[in-house]
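Worksheet: the structure to be examined is printed underneath.
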Amino acid sequence: MSNLTMVEAINLAMDQEMSRDENVCMLGEDIGVNGGVFRTTKDLLKKHGENRVMDTPLAECGIVGVAVGMAIYGIRPIVEIQFSGFTMQAFDQIEQNMARLHNRTQGKYTIPMVLRTPYGGGIRGGHYHSQSTEVFFTHTAGLKVVIPSTPHDAKGLLLAAIEDPD
């Protein structure tokens, strides 16, 4: 494990969970054929198929909304939003539905989904590619926000997040 990069550790965690649980799937922009903007989903489409690794349009609100609906029905979606700044387009879905549905339904529904998004990283990508929007979400009841600092942490935290029931 110590020789893995951050991207390799994230890819390995998603691959392991998709192999272990057929209800785990992925949605996101360019995650299929292209393997994601940083190649974190490389080869997952080939291995798990287009019914479980789904490229989506550039519509973050729609991506998160669809994933919330999938999660209500017991599917365990992993949503990848290309850059943290793009989460603002899905803020209402994240803050109102993803975060609060479990509490609003007095535990009747859980939302077993993961939303992954990179930020910073020194890519110098301009005002939509370098924002650190996690502070909005750390102040939202019902969300669990993790930020790994090593590949080992990234793999472990992602595995735990995918397995988490809400």
task = Quick one: which residue in Gly49, Gly107, Gly35, Gly69 is in contact with a Leu (Cβ under 9 Å, 6 or more places away or on another chain), without any contact (Cβ under 8 Å) to a residue 24 or more places away in the chain and surrounded by fewer than 20 Cβ atoms within 10 Å (Cβ to Cβ)?
result = Gly35
query = Residues in the range 132-151: is at least one crowded, with 20+ Cβ neighbours inside 10 Å and within 13 Å of the chain's Cα centre (by Cα)?
reply = no
task = Look at the range 138-152 and say how many of its residues are in contact (Cβ under 8 Å) with a residue 12 or more places away in the chain, more than 15 Å from Gly120 (Cβ to Cβ) and not β-branched (Val, Ile, Thr).
result = 6
query = Which members of the range 75-89 meet the condition of being open to solvent by less than 30 Å² (accessible area, probe 1.4 Å) and either closer than 20 Å to Ala160 by Cα or at pLDDT 95 or above (or both)?
reply = Pro77, Ile78, Val79, Glu80, Ile81
Hits in the range 21-31 (condition: at pLDDT 95 or above and buried (at least 19 other Cβ atoms within 10 Å of the Cβ)) = Val24, Cys25, Met26, Leu27, Gly28, Ile31
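Find the residue count for the range 1-52, including only residues that are among the small types (Gly, Ala, Ser), outside any loop (DSSP other than H, G, I, E, B) and either in contact with a strand residue (DSSP E or B) (Cβ under 9 Å, 6 or more places away or on another chain) or more than 14 Å from Asp153 (Cα to Cα) (or both).
Qualifying residue count, the range 1-52: 2.
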ask   = From the residues in the range 1-20 that are free of Cβ contacts under 8 Å to residues at least 60 places away in the same chain and open to solvent by 10 Å² or more (accessible area, probe 1.4 Å), which one is nearest to the chain's Cα centre (by Cα)?
value = Asn11
task = Mind listing just one residue for me: the one in the range 52-66 that is over 15 Å from Glu17 (Cα atoms) and of a type in the set (D, E, K, R) and, of those, surrounded by the most Cβ atoms within 10 Å (Cβ to Cβ)?
result = Glu60
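The values are calculated or read from the model by the stated rules, or taken from the named source; none is laboratory data. Just so you know, these numbers come straight off a predicted model, no measurement behind them. Heads up, the Cβs are rebuilt from the backbone with ideal geometry, glycines too, and the neighbour counts pull from every protein chain shown. What goes into the accessible areas is simple: the full protein's heavy atoms, side chains included, and nothing from ligands, DNA or RNA. Shrake-Rupley method; radii C 1.70, N 1.55, O 1.52, S 1.80 Å.
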